[in-house]
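Structure first, then comments.
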Amino acid sequence: MKKILCFIIILSLFIITGCGKKTVKTSLDKIVDRDLLIVGVSSNSKPFGFKSTTTGNIEGFDVDIARYIAKDLIGNERKIEFVEVTPNTRIEAVTSSRVDMVIATMTVTPQRQFLIDFSQPYYIAGQTALVRDDSDIFSFSDLKRKSIIVVLGTTAEKNIRNIIPNAKIVGYKDYSSAFQAFKEGKADAISTDDTILSGFLADNNTGFRMLKNRISREPYAVGIKQQDDKKLKNALDVIVTRMKKDGTINSLKKKWHLH
Ligand code: GLU
């Protein structure tokens, strides 16, 4: 009798706990349960992620993309915590789960795809450079042996090292220090995506000019931690595809004066 009772108790425990199977929470479940989306964004890459001088809040194209995603995933575009990242910290922010995702002018590259997963691209930029108006530099071939400011960890840094190996690279850890150094004349040029350079030109419209050619194609996408289940990636792909189809991306381009 005792044995039968024991057997019944063990059996019911198994049934209650789902036969010993653990339910593993996906990243998507975690976001929904927390009822808050934690997003890594730039704070000095105008017009994608930057601090508003009036409110002090981070705004921009990438911030609006984050709000659209929050609305879709948890039903409220305000339930977001923004964490400032730089090109050098954004991958670690994702792999260490400090953030659920990074939306920060981040280009999809094969090297980065080894470390993190990406959604479908939501924007395509291209790399170019800014020089002073009176400079004799008009193309990338004129940049040989010149000094070029880049932000460390960017595709721009890598491309310049490959394309112009004899250029003198002057590296900074974020865009505010890089642009400040460029304004102070610490190098002949600054190179990164045309989008970010246009943001600088919008605020500093005299004395500088952008080179006409683009030396790369930079597809921006949402970066997330790699995992076995693809639920979050699939959800993001659906959202990005819809944003392109329903005109959201186009109206954000207009709002932030992008092409
Ligand atoms: N989009 C390029 C990259 O991901 C350059 C701009 C940036 O770093 O934010 O490296």
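Read the figures in this text as sums done on the coordinates, not as results from a lab. Here the structure is a predicted model, which is why all the values come from computation and not from measurement. Note that we place each Cβ from the backbone using ideal geometry, even for glycine, and neighbour counts take in every protein chain shown.
Assess whether VAL99 counts as being in contact (Cβ under 8 Å) with a residue 24 or more places away in the chain, among the β-branched types (Val, Ile, Thr) and farther than 16 Å from ASP193 by Cβ.
In short, yes.
Would you check if SER216 is more than 20 Å from the chain's Cα centre (by Cα) and more than 25 Å from GLU59 (Cα to Cα)?
For SER216, the condition - more than 20 Å from the chain's Cα centre (by Cα) and more than 25 Å from GLU59 (Cα to Cα) - is not met.
Sort through ASP72, ASP62 and tell me the only one that's within 18 Å of ILE239 (Cβ to Cβ), of a type outside the set (Gly, Ala, Ser) and touching a Gly at 6+ places or on another chain (Cβ under 6 Å).
ASP62
Test of understanding: among VAL99, VAL83, which residue is surrounded by 17 or more Cβ atoms within 10 Å (Cβ to Cβ), under 12 Å from the mean Cα position of the chain (by Cα), among the hydrophobic types (A, V, I, L, M, F, W, C) and assigned to a strand (DSSP E or B)?
VAL83
Which residues, taken from the range 134-157, are of a type outside the set (Phe, Trp, Tyr) and away from the ligand (no atom under 16 Å from the Cβ)? Explain how you work it out, then say what you get.
To start, the set of residues in the range 134-157 that are of a type outside the set (Phe, Trp, Tyr) comprises 134-137, 139, 141-157.
Passing the criteria: ASP134, SER135, ASP136, ILE137, SER139, SER141, ASP142, LEU143, LYS144, ARG145, LYS146, SER147.
Tally time: how many residues in the range 158-175 are crowded, with 18+ Cβ neighbours inside 10 Å and within 15 Å of the ligand (Cβ to nearest atom)?
Looking only at that region, the number is 5.
Can you name the residue in the range 176-197 that is among the small types (Gly, Ala, Ser) and crowded, with 19+ Cβ neighbours inside 10 Å and is also nearest to VAL151 (Cα to Cα) among such residues? So that I can check it myself, show each step before the final result.
Filtering the range 176-197 for residues among the small types (Gly, Ala, Ser) gives 176-178, 181, 185, 187, 189, 191.
Still in the running and crowded, with 19+ Cβ neighbours inside 10 Å: 178, 187, 189, 191.
Values: ALA178: 7, ALA187: 13, ALA189: 12, SER191: 8 Å.
Among residues in the range 176-197 that are among the small types (Gly, Ala, Ser) and crowded, with 19+ Cβ neighbours inside 10 Å, the one nearest to VAL151 (Cα to Cα) is ALA178.
Find the residue count for the range 63-93, including only residues that are touching a Leu at 6+ places or on another chain (Cβ under 8 Å) and of a type outside the set (Asp, Glu). It would help to see each step written out before you state the result.
Let us first name the residues in the range 63-93 that are touching a Leu at 6+ places or on another chain (Cβ under 8 Å), namely 64-66, 69-70, 73-74, 79-81, 87-88, 91.
Among the residues that remain, those that are also of a type outside the set (Asp, Glu) are: 65-66, 69-70, 73-74, 79-80, 87-88, 91.
Qualifying residue count for the region: 11.
With the requirement that a residue be assigned to a helix (DSSP H, G or I), of a type in the set (Lys, Arg) and over 16 Å from VAL99 (Cβ atoms), what does the range 43-71 give you?
Initially, the range 43-71 is screened for residues assigned to a helix (DSSP H, G or I), giving 61-71.
With of a type in the set (Lys, Arg) added as a condition, the list becomes 67, 71.
Within the range 43-71, just LYS71 meets the criteria.
For ASP117, work out the one condition from (1) more than 24 Å from ASN204 (Cα to Cα); (2) surrounded by fewer than 22 Cβ atoms within 10 Å (Cβ to Cβ); (3) within 14 Å of the ligand (Cβ to nearest atom); (4) touching a residue at least 60 places away in the same chain (Cβ under 8 Å) it doesn't fulfil.
Going through the list (1) more than 24 Å from ASN204 (Cα to Cα); (2) surrounded by fewer than 22 Cβ atoms within 10 Å (Cβ to Cβ); (3) within 14 Å of the ligand (Cβ to nearest atom); (4) touching a residue at least 60 places away in the same chain (Cβ under 8 Å), ASP117 breaks only (3).
Can you spot a residue in the range 127-150 that is touching a residue at least 60 places away in the same chain (Cβ under 8 Å), part of a helix (DSSP H, G or I) and within 27 Å of MET243 (Cα to Cα)?
No, because not a single residue in the range 127-150 is touching a residue at least 60 places away in the same chain (Cβ under 8 Å), part of a helix (DSSP H, G or I) and within 27 Å of MET243 (Cα to Cα).
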